[in-house]
Amino acid sequence: MALLLAFSSVLLLVGPALAQSPDMSYGDYMAQLQACPKECRCPPSFPNAVYCDNKALKRIPTIPPHTWYLYLQNNLIDVLSTDALRNATQLRWINLNRNRITSEGMEEGALAAMLRLVHLFMDDNLLSSVPANLPSSLEQLRLSRNRISKIPAGVFSGLDRLTLLELQGNKLQDDAVTEVSLKGLSNLVQINLAKNQLTTMPLGLPITITQLFLDNNAIEKIPADYFKGLPKVAFLRLNRNKLGNGGLPKNVFNMSSILDLQLSHNQLTQVPMIPSGLEHLHLDHNQIKSVNGSDICPVSADALEGYVTETAPKLRYLRLDGNEVKPPIPRDLMMCFRLLRSIVI
């Protein structure tokens, strides 16, 4: 009787776990839990996940074969080993943030067999170059706050599913971000190049980009036709650069796609011309002395006759604090941007 009760208890424990993992048989489920590395934690209720984070590990333990989500952040790992991941070919997600992995420590082909890997997190390591031989299934690649100064030619070849690339806080200079180095990213939506060493706008960005983040560089100007090659940009961040009035051609932001433009902490003394579809504009902490609504209004007075029309400017949020602009808000500004709901001065 006691044996029967014990067996019933095991079924009660195993049943919910199997219900949460329909792709795993009972045998695979038991094998997965039994193969859990002693340094890690494998929750019975979430058998596809292996938690090895915050363990002061210096090496990756051997990972069981039915692992989908692998958490290795906050350790002392300096080598991404092919051997440790040999059996873990079903991985979808690897978090290796805040370790000590160098480019030399990336064993060749360590991730090549991960044909289902979608997310790779390697922020806060010691990489000097973008890793090569990444699986073609990858959709998000996060490499922020490393020491990356090089993007090898062809390193993104075959990564046509990648939609997000995080490279902020590295040592990239202008000659590292080129059409050749970015070739292969045919579906990239977001790229973050903030906190690097760029002095010019990066060249060769995929035309699919909608979110471009370039904060905290040393960019001084934007070429007049720069955004002709980026027709889908909706969110553009250029905060904390060296942009002055002369670095912004008159109609450089004349794009129907752009919704959010951030130019905070630059050297502007005038409000630049903005497109009528722009909804959020950040110009705080520049050197702007005054705002003339008539000069910056993106539509003609005829289009504003009557009340708000489909052609009226869409600006809803304007930030001007940290400049020399003083209240009250000019009436012609309000006459132009009739959808404005918030102005920070």
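The values are calculated or read from the model by the stated rules, or taken from the named source; none is laboratory data. As the structure is a computational prediction, the values presented were derived from the model and not from experiment. Cβ placement follows ideal geometry from the backbone for every residue including glycine, while neighbour counts extend to all protein chains displayed. Just the protein is used for accessible areas: all its heavy atoms, side chains included, with ligands, DNA and RNA removed. Shrake-Rupley method; radii C 1.70, N 1.55, O 1.52, S 1.80 Å.
Of all residues in the range 248-267, which are surrounded by fewer than 20 Cβ atoms within 10 Å (Cβ to Cβ) and over 25 Å from the mean Cα position of the chain (by Cα)?
Hits for the range 248-267 are PRO249, LYS250, ASN251, GLN267.
When the residues of the range 326-341 are filtered to those that are part of a loop (DSSP other than H, G, I, E, B) and of a type in the set (A, V, I, L, M, F, W, C), which remaining residue is least open to solvent (accessible area, probe 1.4 Å)?
That would be PHE337.
When the residues of the range 132-157 are narrowed to those that are outside any loop (DSSP other than H, G, I, E, B) and among the basic types (Lys, Arg), which ends up surrounded by the most Cβ atoms within 10 Å (Cβ to Cβ)?
Of everything passing the filter in the range 132-157, ARG142 is surrounded by the most Cβ atoms within 10 Å (Cβ to Cβ).
Here is a list: ASP123, ASP175, ASP160. Which entry is open to solvent by 40 Å² or more (accessible area, probe 1.4 Å) and more than 16 Å from ILE209 (Cα to Cα)? Lay out the reasoning, then the answer.
Working: ASP123 fails: open to solvent by 40 Å² or more (accessible area, probe 1.4 Å); ASP160 fails: more than 16 Å from ILE209 (Cα to Cα).
Testing whether each residue is open to solvent by 40 Å² or more (accessible area, probe 1.4 Å) and more than 16 Å from ILE209 (Cα to Cα) leaves just ASP175.
Inside the range 209-247, can you point out the residues that are among the charged types (D, E, K, R), open to solvent by 20 Å² or more (accessible area, probe 1.4 Å) and in a loop (DSSP other than H, G, I, E, B)?
Selection gives GLU220, LYS221, ASP225, LYS232, ARG240, LYS242.
Among the residues in the range 286-293, are any at pLDDT 95 or above, within 31 Å of the chain's Cα centre (by Cα), buried (at least 17 other Cβ atoms within 10 Å of the Cβ) and not in a loop (DSSP other than H, G, I, E, B)?
Looking through the range 286-293, none of the residues is at pLDDT 95 or above, within 31 Å of the chain's Cα centre (by Cα), buried (at least 17 other Cβ atoms within 10 Å of the Cβ) and not in a loop (DSSP other than H, G, I, E, B).
Using the structure shown, decide if ASP215 is of a type outside the set (Gly, Ala, Ser) and touching a residue at least 12 places away in the same chain (Cβ under 8 Å).
yes
Being assigned to a loop (DSSP other than H, G, I, E, B) and in contact with a Gly (Cβ under 8 Å, 6 or more places away or on another chain) is the filter here; which residues of the range 55-84 pass it?
Within the range 55-84, ASP78, VAL79, THR82 qualify.
Can you list residue pairs whose Cβ atoms sit under 8 Å apart, with the first residue in the range 43-56 being under 20 Å from ASN74 (Cβ atoms) and the second being in a loop (DSSP other than H, G, I, E, B) and aliphatic (A, V, I, L, M)? Count only pairs 6 or more apart in sequence or on different chains.
As it stands, the answer is VAL50/ILE63; CYS52/ILE60; CYS52/LEU72; ASP53/LEU72; ALA56/LEU76, since those pairs meet every condition given.
Does THR200 satisfy the condition of being within 18 Å of the chain's Cα centre (by Cα) and among the β-branched types (Val, Ile, Thr)?
Considered against the rule, which asks whether it is within 18 Å of the chain's Cα centre (by Cα) and among the β-branched types (Val, Ile, Thr), THR200 comes out as no.
When the range 97-131 is examined, which residues are found to be touching a residue at least 24 places away in the same chain (Cβ under 8 Å), in a loop (DSSP other than H, G, I, E, B) and among the small types (Gly, Ala, Ser)?
Listed by number, the residues that qualify are SER103, GLY105, GLY109, ALA110, ALA113, SER128.
Can you name the residue in the range 268-277 that is crowded, with 17+ Cβ neighbours inside 10 Å and of a type in the set (S, T, N, Q) and, of all such residues, is nearest to LEU230 (Cα to Cα)?
SER276
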